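A short worksheet on the structure shown next.
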Amino acid sequence: MQQKKQLSPDNPNHQKQEEQMKYRHIFGPVASHRLGRSLGIDLIPYKTCSYNCIYCECGETTMQTVQRAAFIPEDEVMEELKNFLSTSPDLDSVTFAGSGEPTLSLSLGNVIAMVKEEFPAYTSSVLTNGSLLTRADVRAELLAADRVIPTLTSTKEETFEAIHRPHPSLSIDAIIRGMEEFRQAYRGEIWLEVFIIPGINTTDEELTLLRDAIGTINPDRVQLNTLDRPAPERRVQAASETDLNRIRDHLGREIAEIINLSPPVSGSAGVLGEEKEMICAMLSRRPSTIEDIITLTGMSGGEVAKILRDLEKAEEIRSYRGARGTFYSSTLPDEAEPKREENH
Ligand code: SF4
């Protein structure tokens, strides 16, 4: 198992960090608005995804694919999870997430099934873009999860393509049909995430079509989400609370809820404190990309993305576009403002 390398023996957190180093595929627990105290499981290499969303917090998709594969050794994930969960940690969710699309992993079904069988007290959740729900094998593997959280931003192909820049083989009509088929077979909860980008999927026509699709997909919850950190592109802006309430009214107040307006659950913030400190220390020495941080620390992409997002929201770091992609650096008052360029 790869070890984190960016550790100094005189660092007071050294021992604790050493302790956490053995985990390469699980991260957290992290404080999640939706899921509470959530342990992340990352089955996918950094930015391997069927989409390349204009709002993605992890930056550009580096490997766009719809081919499922065994990206990481399944026995390593199983071992890490069993090791962690056998200590009976206080968790609200064991969450398949990260910096790519979890359903691309051929290990997904087996790992969900293991958690269900060996640790039935925990609730398993899968955060997915939903694009592979067109596949019978993916739908079958997800049946054992307690909660599936797919994304739908638009029912119009043109808008879908503008927002997600999907793999060419994907179409939103087929994806919605996949979601409907999944609903018919699935006994767990579906929480449908609708990501709102003002001016792109907020017209009355878009919202009416979305409402119709929600009616046929029949999720247990609809969760309105929007950008909650600096925009990766100028055309991607956060929706205001007023906008979100208007959209909630349009989609149906009884089913739609707004997330991200309140702080995450109490008692779970700061659970990645040592890793945060380590990343802050790195970024105070030199600006780095997310890939640099993953390489230097050995942490999972999902964990690094979560920490960078929190730091950027707290304005402890800032990002800017450089030759190798998006760079992150510490916010120093006497630094010159870096030039922000368009992400794409
Ligand atoms: S589906 Fe998720 S991981 Fe993939 S590009 Fe979109 S936001 Fe990023």
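Being farther than 27 Å from ASN201 by Cβ, away from the ligand (no atom under 14 Å from the Cβ), in contact with a Ser or Thr (Cβ under 9 Å, 6 or more places away or on another chain) and charged (D, E, K, R), is that true of even one residue in segment 75-85? Talk me through it step by step, then tell me what you get.
Quick first cut of segment 75-85, residues farther than 27 Å from ASN201 by Cβ only: 75-85.
Narrowing further to those that are away from the ligand (no atom under 14 Å from the Cβ): 75-85.
Keeping just the survivors that are in contact with a Ser or Thr (Cβ under 9 Å, 6 or more places away or on another chain) gives 77-78.
Remaining after also requiring charged (D, E, K, R): none.
Within segment 75-85, not a single residue is farther than 27 Å from ASN201 by Cβ, away from the ligand (no atom under 14 Å from the Cβ), in contact with a Ser or Thr (Cβ under 9 Å, 6 or more places away or on another chain) and charged (D, E, K, R).
Could you say which residue among SER107, SER93, SER131 is touching a Leu at 6+ places or on another chain (Cβ under 8 Å), touching a residue at least 40 places away in the same chain (Cβ under 8 Å) and within 13 Å of the ligand (Cβ to nearest atom)? Before the answer, list the steps.
Numbers: SER107 fails: within 13 Å of the ligand (Cβ to nearest atom); SER93 fails: within 13 Å of the ligand (Cβ to nearest atom).
Only one candidate passes the filter, namely SER131.
Which of (1) part of a loop (DSSP other than H, G, I, E, B); (2) under 30 Å from TYR328 (Cβ atoms); (3) touching a strand residue (DSSP E or B) at 6+ places or on another chain (Cβ under 6 Å) is the odd one out, the single condition ASN225 does not satisfy?
(1)
Considering only residues of segment 33-55 that are in contact with a helix residue (DSSP H, G or I) (Cβ under 9 Å, 6 or more places away or on another chain) and part of a strand (DSSP E or B), which is nearest to THR289 (Cα to Cα)? So that I can check it myself, show each step before the final result.
First, the residues of segment 33-55 that are in contact with a helix residue (DSSP H, G or I) (Cβ under 9 Å, 6 or more places away or on another chain): 39-55.
Still in the list and also part of a strand (DSSP E or B): 39-41, 48-49.
Working: LEU39: 24, GLY40: 21, ILE41: 22, THR48: 16, CYS49: 19 Å.
The qualifying residue nearest to THR289 (Cα to Cα) is THR48.
Please count how many residues of segment 60-81 are more than 20 Å from the chain's Cα centre (by Cα) and exposed (fewer than 14 other Cβ atoms within 10 Å of the Cβ).
2
Is at least one residue of segment 108-115 surrounded by fewer than 18 Cβ atoms within 10 Å (Cβ to Cβ) and outside any loop (DSSP other than H, G, I, E, B)? Before you say what the answer is, go through the steps one by one.
The initial filter retains those residues of segment 108-115 that are surrounded by fewer than 18 Cβ atoms within 10 Å (Cβ to Cβ), namely 110, 113.
Now restrict to residues that are outside any loop (DSSP other than H, G, I, E, B): 110, 113.
Checked segment 108-115: at least one residue is surrounded by fewer than 18 Cβ atoms within 10 Å (Cβ to Cβ) and outside any loop (DSSP other than H, G, I, E, B).
Quick check on my filter: what residues within segment 40-68 are more than 11 Å from the ligand (Cβ to nearest atom) and free of Cβ contacts under 8 Å to residues at least 60 places away in the same chain?
Once the filter is applied, which keeps residues that are more than 11 Å from the ligand (Cβ to nearest atom) and free of Cβ contacts under 8 Å to residues at least 60 places away in the same chain, segment 40-68 yields only GLN67.
Determine the pairs where a residue that is modelled with pLDDT under 80, located within segment 20-32, has a partner that is part of a helix (DSSP H, G or I) with Cβ atoms under 8 Å apart, the partner being 6 or more residues away or on another chain.
GLN20/GLU274; GLN20/GLU275; LYS22/GLU80; LYS22/ASN83
The values are calculated or read from the model by the stated rules, or taken from the named source; none is laboratory data. Owing to the predicted nature of the structure, the values given are computational and were not obtained by experimental measurement. Ideal geometry is used to build each Cβ from the backbone, glycine not excepted, and the neighbour counts take in all protein chains shown.
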